[in-house]
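Trainee: Next up is a structure, given as structure tokens.
Nothing in this text is a laboratory measurement; each read-out follows from the coordinates by a stated rule. Everything numeric in this text was worked out from a predicted model, so none of it was measured. Glycine also receives a Cβ, built like all others from the backbone with ideal geometry; neighbour counts cover every protein chain displayed.
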Amino acid sequence: MLGNQVFDRFVYRVFLSKIWHTAQGRVAPRRNAHEGATMAELKTKPIDQDVEEFLASIDDAQKQADSRTITALMQEITGAPPKMWGANIVGFGDKHYRYASGREGDWFIVGFSPRKQNLTLYLTYGYEEHTDLLERLGKHSVGKACLYLKRLSGVDQDVLRELIQRAVVQATA
């Protein structure tokens, strides 16, 4: 019996909360893929900030040098100039995407961000099929589509070049 009372109070609070939020005009729009869903807008977008100024603002001299090397490497591989995406990401190239859900947007082909802990490379593909290169890369860790490097001196730059090239081919296929 007590469990039902707790549940009933919970449902009643949710009900009252919805009534109050509706009265205040604070009800979030419904999200239904079949009825013209509203999507959260992507926060990371190209901005009008000079890449060179951003790179010059990096305090750590080694991280700044590594960032300049990655900039040159990604620009050479993509053939695209660097562009700031948000306040801390340098991206190269543009790709429009559209998911089966209807969500769509624009993103860079490859990019990087000189974070405090590491250099984060955004290569926009999974790493499962590239274990051959990752085994030879050197000190790194990976996320779903991110490659984390402490410094470039700890990795084989020829292998890094190959990883970036594969990412570009995959993203532009």
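Trainee: When a footprinting reagent is the concern and you count Cβ atoms within 10 Å, what order do Asp132, Asp156 take, fewest first?
Mentor: Asp132, Asp156
Trainee: Using Cα-Cα distances under 8 Å and only pairs 6 or more residues apart, what relative contact order does segment 48-128 have, in percent?
Mentor: It rounds to 22 percent for segment 48-128.
Trainee: What percent do you get for the relative contact order of segment 105-146 when only Cα pairs under 8 Å and 6+ apart count?
Mentor: Answer for segment 105-146 is 36 percent.
Trainee: Could you list Ile58, Ile109 so that the one with the fewest beta carbons within 10 Å of its beta carbon is first and the one with the most is last?
Mentor: On the way: Ile58 15, Ile109 22.
Fewest-to-most ranking of Ile58, Ile109: Ile58, Ile109.
Trainee: On to the next question. Going toward the positive end of the dipole of segment 63-173, with +1 on Lys and Arg Cβ and -1 on Asp and Glu Cβ, which of Gln157, Gly86, Thr172 do you reach last?
Mentor: After comparing all options, I get Gly86.
Trainee: Moving to a separate point now. Label points 7 Å out from Cα along the Cβ direction at Tyr97 and Gln117: separation in nm?
Mentor: Computed distance between label sites Tyr97 and Gln117 equals 2.2 nm.
Trainee: Can you give me the distance in nm between label points at Asp156 and Gln170, each placed 7 Å from the Cα along the Cα-to-Cβ direction?
Mentor: Roughly 1.8 nm, to one decimal.
Trainee: What's the magnitude of the charge dipole for segment 72-173 around its Cα centre, counting Lys and Arg as +1 and Asp and Glu as -1 at the beta-carbon? Answer in Debye, nearest 20. Provide the component values of the computation, followed by the final result.
Mentor: Working: 13 positive and 11 negative charges, 94 e Å.
With only Lys, Arg, Asp and Glu charged at Cβ, the dipole is about 440 debye.
Trainee: Oh, and also: Could you list, in their original order, any pairs among Lys43/Lys83; Lys116/Lys144; Lys95/Lys139 whose Cα atoms are separated by more than 23 Å? Present the calculation step by step, with values, prior to reporting the outcome.
Mentor: Working: Lys43/Lys83 16 Å; Lys116/Lys144 20 Å; Lys95/Lys139 30 Å.
In this structure, Lys95/Lys139 exceed 23 Å between Cα atoms.
Trainee: So if each residue of separation counts as 0.36 nm, and I subtract the Cα-Cα distance between Lys139 and Val51, what length gain in nm does that give?
Mentor: Fully extending the segment from Lys139 to Val51 adds 29.0 nm.
Trainee: Listing His140, His96 from the residue with the fewest other Cβ atoms within 10 Å to the one with the most, what is the order?
Mentor: Placing the least packed residue first, the sequence is His96, His140.
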